[in-house]
Amino acid sequence: MKLPSIATAAIFTLLGLVTIAMLPAHGEATEPHNTAFLGVHFQNDNEIYEPTSDGERSRIKRTGQMFMDRLTESTKYRFAKIDPKLLARIASGQAPGECGGCEIDYAKEVGTDWVAWINVQKVSNLILNMNVYIADVHANKMVFVKSVDIRNNSDEGWERAINYLLKHYLLPGVS
């Protein structure tokens, strides 16, 4: 049996390293995650004293759009269109995350592999909490749960919160 020369061994080693380098990193998806986004749900703990304002309703929409736009731009996520009738059903029921698994059922109905939603809790006009959730539909398990506090109820405060969650947790290293 003839032993390979040093040059031959070096070539095979180099080819092996190049092959390994081309493989996706552990846990890295090669295709975007096919995701159903169930929206931003707002829990106003003081609704009776301080009703939800038009500004807050506008921030809810803008936050959801920013979330989907940034994740889509990253090419790591693809968001499915959700039928308006299903969106109305979601809005009229219990909030995702508080409904005993309805979010998984909704995503199955849409035909996606993942499901995402955001809950914003308004404790007061100065203290809010933004929570982002993503679940794997087939495994029926959470794959992402992060939260940030917002210390003012303004467009700037909400934008900083969603940008922080995206930049530091969902899309680290992506500008």
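The values are calculated or read from the model by the stated rules, or taken from the named source; none is laboratory data. Quick caveat: nothing in here was measured; it's all calculated off a predicted structure. Quick reminder, even Gly has a Cβ in these numbers, built from the backbone with ideal geometry, and neighbours come from all protein chains shown.
Considering only segment 132-153, how many residues are free of Cβ contacts under 8 Å to residues at least 24 places away in the same chain and polar (S, T, N, Q)?
Within segment 132-153, residues that are free of Cβ contacts under 8 Å to residues at least 24 places away in the same chain and polar (S, T, N, Q) number 1.
Just one of the numbered conditions (1) closer than 25 Å to ILE82 by Cα; (2) at pLDDT 95 or above; (3) surrounded by 14 or more Cβ atoms within 10 Å (Cβ to Cβ); (4) under 16 Å from the mean Cα position of the chain (by Cα) is not true of GLN121; which one?
Answer for GLN121: the failing condition is (4).
Can you tell me which residue within segment 128-175, out of those that are among the β-branched types (Val, Ile, Thr) and touching a helix residue (DSSP H, G or I) at 6+ places or on another chain (Cβ under 6 Å), is surrounded by the fewest Cβ atoms within 10 Å (Cβ to Cβ)? Lay out the reasoning, then the answer.
The initial filter retains those residues of segment 128-175 that are among the β-branched types (Val, Ile, Thr), namely 132, 134, 137, 143, 145, 148, 150, 162, 174.
Within this subset, residues satisfying the condition of being touching a helix residue (DSSP H, G or I) at 6+ places or on another chain (Cβ under 6 Å) are 132, 137, 148, 150, 162.
Working: VAL132: 23, VAL137: 21, VAL148: 17, ILE150: 24, ILE162: 25.
Result: VAL148.
Go through segment 92-107 and count every residue that is in contact (Cβ under 8 Å) with a residue 24 or more places away in the chain and either touching a His at 6+ places or on another chain (Cβ under 7 Å) or loosely packed, with under 14 Cβ neighbours inside 10 Å (or both). Break it down into steps so the answer makes sense when it comes.
Step one: list which residues in segment 92-107 are in contact (Cβ under 8 Å) with a residue 24 or more places away in the chain, which gives 95-97, 101, 103-104, 106-107.
Now narrow it down to the ones that are either touching a His at 6+ places or on another chain (Cβ under 7 Å) or loosely packed, with under 14 Cβ neighbours inside 10 Å (or both): 95-96, 101.
Result for segment 92-107: 3.
Restricting attention to segment 44-69, and to residues there that are of a type in the set (Ser, Thr, Tyr) and in a helix (DSSP H, G or I), which single residue is farthest from MET130 (Cα to Cα)? Before you say what the answer is, go through the steps one by one.
Initially, segment 44-69 is screened for residues of a type in the set (Ser, Thr, Tyr), giving 49, 52-53, 58, 63.
Those left that are additionally in a helix (DSSP H, G or I): 58, 63.
Details: SER58: 15, THR63: 10 Å.
Restricting to residues being of a type in the set (Ser, Thr, Tyr) and in a helix (DSSP H, G or I), the top hit is SER58.
Scan segment 53-73 residue by residue and report those that are surrounded by 14 or more Cβ atoms within 10 Å (Cβ to Cβ) and polar (S, T, N, Q).
Taking segment 53-73 first, the residues surrounded by 14 or more Cβ atoms within 10 Å (Cβ to Cβ) are 56, 59-60, 62-64, 66-68, 70-72.
The answer is THR63, THR72.
For segment 96-118, indicate whether the set of residues that are of a type in the set (Gly, Ala, Ser), at pLDDT below 95 and within 20 Å of THR52 (Cα to Cα) is non-empty.
Kept after step one, since they are of a type in the set (Gly, Ala, Ser), are these residues of segment 96-118: 97, 100-101, 107, 111, 116.
Of the ones still in play, those that are also at pLDDT below 95 are 97, 100-101.
Now narrow it down to the ones that are within 20 Å of THR52 (Cα to Cα): none.
No, the conditions are met nowhere in segment 96-118.
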